[in-house]
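Input: a single structure, listed below in structure tokens.
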């Protein structure tokens, strides 16, 4: 069972047992992402994913690992490391897991909560239209987010997502 995951650079040959998650498509880039996984028994292995790295997150609640690259959005079973689902050419830029174990993902304009499958998504309502959303850090159950106001790049926004209430609140706006 996977307990930890970390984005790494290309490992030395033979450093880890490697498993390649490649999906055949004429649209694949030549970029690759390497993720070092650690199982509960402290064994380490490396997953190799098509596309340049963006983010990854583990949920004990959903027993899954999400790996986001420029080419694909992968979902792995945390129990055995098998690929369960994927999306091609994802527009997502930010990914995190809430303290309660749900996944939170954002493209440039919208934030969504992901349940147990990649198609199980729920849009988070926003107090303002956003552009270039970026997740930062968790403080207890609140996630710090920055964005620009849609069609007004001079207005930098600071927002906060509360994982208990599932509400997004604007903290400040800078012009």
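Bear in mind that the values in this text are calculations on the coordinates, not laboratory data. Bear in mind the structure is a predicted one, so any value in this text is a computation, not a measurement. Cβ coordinates were reconstructed from backbone atoms using ideal geometry, including for glycine residues, and neighbour counts include every protein chain displayed.
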Seminar exercise, completed: So, relative contact order of the stretch 60-175 in percent, Cα under 8 Å, 6 or more apart, is 15
Problem set entry | Label-point separation, residue 88 to residue 23 (7 Å along Cα→Cβ), nm | 0.8
For this session: Show me 61-74, 38-51 ranked by packing, highest mean number of other Cβ atoms within 10 Å first.
Result: 61-74, 38-51
For this session: Can you pull the one-decimal nm distance between simple spin-label points at residue 141 and residue 171, each 7 Å off the Cα toward Cβ?
Result: 1.8
Exercise. For the stretch 86-164 and the stretch 1-26, what is the separation of their C-alpha centers, rounded to whole Å?
Worked result: 26
Seminar exercise, completed: Counting only DSSP beta bridges fully inside the chain, the antiparallel percentage to nearest 5 is 90
For this session: Rank these for me by crowding, 170, 130, 123, 1, going from fewest to most other beta carbons within 10 Å.
Result: 123, 1, 170, 130
For this session: Take the eigenvalues of the Cα gyration tensor for the chain, scale each by 5, and report the square roots as semi-axes in whole Å, largest first.
Result: 30, 18, 14
Exercise. If packing is taken as the mean number of other Cβ atoms within 10 Å per residue, what is the order of 17-30, 92-105, highest first?
Worked result: 92-105, 17-30
For this session: Using only alpha carbon pairs under 8 Å that are at least six residues apart, calculate the relative contact order of the stretch 1-90 and give it in whole percent.
Result: 26
For this session: Between residue 8 and residue 79, take the C-beta separation as r, use R0 = 25 Å, and let me know the FRET efficiency to the nearest 0.05.
Result: 0.65
For this session: Using only the Cα atoms of the stretch 1-81, build the gyration tensor, take square roots of its eigenvalues as a ≥ b ≥ c, and label the shape rounded, prolate or oblate: rounded if a/c is under 1.5, else prolate if a/b is larger than b/c, else oblate.
Result: oblate
